[in-house]
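Worksheet for the structure shown next.
The values are calculated or read from the model by the stated rules, or taken from the named source; none is laboratory data. Predicted model, so just to flag it, every value in this text is computed and none were measured. Note that we place each Cβ from the backbone using ideal geometry, even for glycine, and neighbour counts take in every protein chain shown. Note: areas computed on protein heavy atoms with side chains; ligands, DNA, RNA excluded. Shrake-Rupley method; radii C 1.70, N 1.55, O 1.52, S 1.80 Å.
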Amino acid sequence: MDKKDLTMCCRLARTICLVLASGGGLAAPTAEPPALIMNRALTVGGGKEVDAAVNVVAIDSRPVVDKKSYVEIAPGRHVIEVVCTARVFVGMATVDFHSKSAITIEVESGRVYRLDGEATVRGDCTPALE
């Protein structure tokens, strides 16, 4: 084999490797899309006497570091930790009462779930997942 043939073989091998590496020659299994859990934010303005915010802070004991309006979660059974904040209008100001709780959920691929909260004038906040 002369040098020209060797160079052509190397180029052909490199091209095949690049095609395989980019997935062009492999049938990759399709991954299930994640589910979304939408956090509930406090209402801005509106003069409500009581309002609630519910945010995911951990999934399966792993902290959620980004402060987004939603969290992506893999399909299956999970334990999510949430902080439920009851904002109560008292006199001329508002007071926030925070409580932490855990919810065990079974999520389906591609579905959107919404967190909600029941707040009372005493500052109690009960999270719910819809």
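Open to solvent by 60 Å² or more (accessible area, probe 1.4 Å), among the charged types (D, E, K, R) and at pLDDT below 80: does that describe Asp2? Yes: the conditions hold for Asp2. You will find that of Leu42, Leu36, Leu115, the residue that is at pLDDT below 90 and surrounded by 12 or more Cβ atoms within 10 Å (Cβ to Cβ) is Leu42 and no other. Considering segment 69-90, and only residues there that are open to solvent by less than 60 Å² (accessible area, probe 1.4 Å) and of a type outside the set (A, V, I, L, M), the residue that is farthest from Pro34 (Cα to Cα) turns out to be Thr85. Remark: pairs (first residue in segment 112-128, among the aromatic types (Phe, Trp, Tyr); second residue part of a strand (DSSP E or B) and open to solvent by 30 Å² or more (accessible area, probe 1.4 Å); Cβ separation under 9 Å; 6+ apart in sequence or on different chains) = Tyr113/Leu36; Tyr113/Met38; Tyr113/Leu129.
Residues in segment 46-68 that are over 15 Å from Arg114 (Cα atoms) and open to solvent by 50 Å² or more (accessible area, probe 1.4 Å): Gly46, Gly47, Lys48, Glu49, Asp60, Ser61, Arg62, Pro63, Val65, Asp66, Lys67.
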